[in-house]
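The structure under discussion appears below in the form of C-alpha cells.
The values are calculated or read from the model by the stated rules, or taken from the named source; none is laboratory data. Remember, it's a predicted structure, so these values are computed and weren't measured experimentally. Methodologically, a virtual Cβ is constructed for each residue, glycine included, from the backbone with ideal geometry; neighbour enumeration extends over all protein chains shown.
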Amino acid sequence: MEYFLGFVGIVAVIALIVALRAQRKARLELIEKLKNGYGKEKEQEYTVERFRSLGFYFRSHNDGALDIDDITVNDTDLDQIFMCMNNTCSSAGEEYLYAMLRKPVKDIGVLKERDRVAEHFDKTPDLRLKMQLLLSKLGKTRAVSLYEYLNRLQNAPTENNLIHFAVFLPYIAAVVFFVLGGAVDRTFSTFGILALIAGVIFSIVTYFKVKASKEAYLNVIAILVNMINMSKEFESFADKDLERYVEPIKTASSKLSKISRNSFILTVRGGNIIDILLDYVRMLTHLDLIKFNRIIKLYRDNTESLNILFETYGFLDSMIAVASFRKWLGCFARPEFTGDLKVFSVENLYHPLIPDPVKNSLNCSRSVLLTGSNASGKSTFIKSLAVNAILSQTVYTSVSDRYAAPFFKIYSSMALRDNLSGGESYYIVEIKSLKRIIDAIDDETPVLCFVDEVLRGTNTLERVAASSRILYDLGRKNCRCFAATHDLELATILENSFDSYHFSEKITDSDVEFDYLLKPGKATSRNAIRLLEKTGYPADITEDAKKAAEAFIATNTWEPI
C-alpha cells in the first residue's frame, strides 16, 4: 500500500509539473500573439448567427435616434469594418465595440475620452499588454452573447440543492459499511462496494441530466467570476490615466465578491490535467451545481454591478482595438465637429477596406449629386463618406487627412434587394427605405444620407420626376444628402439646390481607363456600350446600340426594331 501511495504521489507531482509547463508555454504563446497582432488587420469571418449573437448588447440599448440601422450597416459594409477592427481579447470587448460602431454620439466629451484612452494604450505598450493579458482571462464565447447570458442569469434554471447533497449519502453509507466490515463482518464491505458503485452511477446520471440545462450559464458564470477576480490585478497596474476606471471596477467587484468565493470549482481554464481531475470531482460531487444555485441567488440582487463590470472591461478592451485599428491605418484624422450644416469638408478621404485606394477631397455647402459612368467610382465614394461619418462619430477617427462636419443622424439607401419572403418588389423596398430617411428628419439633429441610383426600380419617366422631387425635399430640409445617379437630367433639374460632381473615364481603342478622381460639374460621357464591347459582346449588338443611342440624341424618340 505504501508503494502504491508513493507511486500515486510521484504521478501527481509529474502531472503538476507538466501542467505548469504547459500553462507557461501557453502564456508565452499568447504574449507573442498579442504583440504580433497589434496594429494588424484582423482577418476573420463571422456567420450571420455570430453577428446576431454579437448584436445583443447593441439591441438591448437600441434606443437612440442616432443609432445605425440594419440597412445602413449593410450598405456601408460596417460588419466587415468591425471584423477588420476587432482586435479585442474578450466577449465583453467585442460586444461593446460592435455596439459602439452602431451608436454614433454627438457628445464631443465622450469622443475625446475614447480618443484619450486609445491613444494612451498606443503609447504605453507594456500597459497595453498587461491589459490584454488580463482581458484574455475572460475569453470569448463563440456560440452565445456574453451580455445576453449574463442578463439571463435572472431566469436561469435552478433547483433545491438537497438533490445534489443527496449524492453524498451513498458515499457516507459506503464509508460506514467499510468501517463495519473491518470491525464486525466482512459482508458489510460488500455492501460498501455496492453503495459506492450506486453512488457513482447516481451522481453521474443526475449530474449530466441537470447540467445539460445549465451548460451555457455555467460557462458564463465562470467568466463572471473572472471579471470579479480581475479587479485587484487591474488596480495593481493601472496608471493615473486609467485611474478613473479603477474605482467602478473595484466597487462593483466588492459587491459581487461572495459570488467568487470558492468558485474555482466552476472555472474552466484550458483542459490541462488539473481541470480534467476537477471534471471528475464535479461529476461525483455536484459541487459546481451546488455553487451555481447559490450564485444565482446572490446575482439577482447585484445586476447593476455586473453591468458596470461588463461595460468597463468592454470599453477598455474596445479602446485597445481602436488603437490597433489606427495603427493599421497609419494616417488618420481626428474629426472637427461644427454646428453649421453648410460646412462639410473632407481631404484625401478613402475607404479603409480598399487596398491602394484613390483619395478624394470635397468641400461643399449644399447637398451633392454625383454623376458618372458605370464603374467610375460614384458608389464607392459615397460609401467612403458614409463610413467616415460613422467612424468619426463613434471612434473619433476619420480615414482621411481632414474631416469637418456637424454631428449627424446617418442613413443610407444603396444596396437594396427584393424582399422575397415579405412579398415586396424592389421598388416597394426602395420607397420604404427612402421614406424612413424622410421620417427621420427633424429640427434637432441634421440627417446625413447617402442614396445610390434613386428609384432605379421603376421606369425612366417617373423615376426622374419622382426622384428629383424626393432629392429636392431632402436638400431643402435639415438634411445633407449625397446621391449618385446615372440620370444626367437630375443634375439640370436640381442645379439650384444641389452641387454637382462627377467621375469620368478615358476611353481608348483597346480599353476603358478609370482614374476614380472626383471632379466638379456633371458627367458628360457614357460608357455602357463601350463596356459591352470590351466584355466581348457581338458587334451586331454593340454597333446597333450605338446607332440607336445616336438617333435618340438627335430626335429624342426611339425607333422601333
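Of note:
- Criterion violated by Arg24 - all others in (1) in a helix (DSSP H, G or I); (2) touching a residue at least 12 places away in the same chain (Cβ under 8 Å) satisfied: (2)
- Qualifying residue in region 53-73 (condition: modelled with pLDDT under 85, in a loop (DSSP other than H, G, I, E, B) and among the acidic types (Asp, Glu)): yes
- Gly93 touching a residue at least 40 places away in the same chain (Cβ under 8 Å), in contact with a Ser or Thr (Cβ under 7 Å, 6 or more places away or on another chain), among the small types (Gly, Ala, Ser) and on the phi > 0 side of the Ramachandran plot: no
- Any hit, region 519-538, residues being out of contact with any Ser or Thr (no Cβ under 6 Å at 6 or more places or on another chain) and closer than 20 Å to Ser345 by Cα: yes
- Number of positions in region 424-452 that are among the acidic types (Asp, Glu), surrounded by fewer than 17 Cβ atoms within 10 Å (Cβ to Cβ) and at pLDDT 85 or above: 4
- Scanning region 443-459 turns up at least one residue that is in contact with a His (Cβ under 9 Å, 6 or more places away or on another chain) and either under 23 Å from Phe381 (Cα atoms) or β-branched (Val, Ile, Thr) (or both).
- Residue within region 231-238 that is modelled with pLDDT of 75 or more, under 26 Å from Gln154 (Cα atoms), part of a helix (DSSP H, G or I) and within 30 Å of the chain's Cα centre (by Cα) present: yes
- Test: residue in region 321-339 that is in contact with a strand residue (DSSP E or B) (Cβ under 9 Å, 6 or more places away or on another chain), in contact (Cβ under 8 Å) with a residue 40 or more places away in the chain, among the polar types (S, T, N, Q) and more than 30 Å from Ser260 (Cβ to Cβ): yes
- Options Glu247, Glu233; residue that is under 27 Å from Asn151 (Cβ atoms), of a type in the set (Asp, Glu) and in contact (Cβ under 8 Å) with a residue 60 or more places away in the chain: Glu233
- Some residue of region 454-468 being surrounded by 12 or more Cβ atoms within 10 Å (Cβ to Cβ), within 25 Å of Ser384 (Cβ to Cβ) and in contact with a Gly (Cβ under 6 Å, 6 or more places away or on another chain): no
- Top-ranked residue of region 34-49 - restricted to ones that are surrounded by 16 or more Cβ atoms within 10 Å (Cβ to Cβ) and either acidic (Asp, Glu) or not in a loop (DSSP other than H, G, I, E, B) (or both), ranked as farthest from the chain's Cα centre (by Cα): Leu34
- Criterion (within 30 Å of Phe381 (Cβ to Cβ) and free of Cβ contacts under 8 Å to residues at least 12 places away in the same chain) met by exactly one of Asp115, Asp107, Asp122: Asp107
- Reported count of residues in region 264-315, each being aliphatic (A, V, I, L, M), within 27 Å of the chain's Cα centre (by Cα) and either modelled with pLDDT of 80 or more or buried (at least 18 other Cβ atoms within 10 Å of the Cβ) (or both), is 3.
- Some residue of region 60-80 being within 11 Å of the chain's Cα centre (by Cα), over 30 Å from Asp443 (Cβ atoms) and buried (at least 16 other Cβ atoms within 10 Å of the Cβ): yes
- Output for region 353-379, where each listed residue is crowded, with 16+ Cβ neighbours inside 10 Å, assigned to a strand (DSSP E or B) and not small (Gly, Ala, Ser): Asn360, Leu362, Cys364, Val368, Leu369, Leu370, Thr371
- Being modelled with pLDDT of 85 or more and of a type in the set (A, V, I, L, M) holds for only one residue in Leu474, Leu488, Leu461, Leu455, and it is Leu474.
- For region 324-346, the count of residues that are buried (at least 16 other Cβ atoms within 10 Å of the Cβ) and touching a His at 6+ places or on another chain (Cβ under 9 Å) is zero.
- Subset tally (residues that are more than 27 Å from Ile31 (Cα to Cα) and at pLDDT 95 or above) for region 79-99: 1
- Elements of type helices (runs of 4 or more DSSP H) in region 78-155, at least 1 residues being farther than 22 Å from Asn62 by Cβ and out of contact with any Lys or Arg (no Cβ under 8 Å at 6 or more places or on another chain): 108-123, 125-136
- The residues of region 542-561 that are exposed (fewer than 12 other Cβ atoms within 10 Å of the Cβ) and under 30 Å from Thr380 (Cβ atoms) amount to a single one, Ile553.
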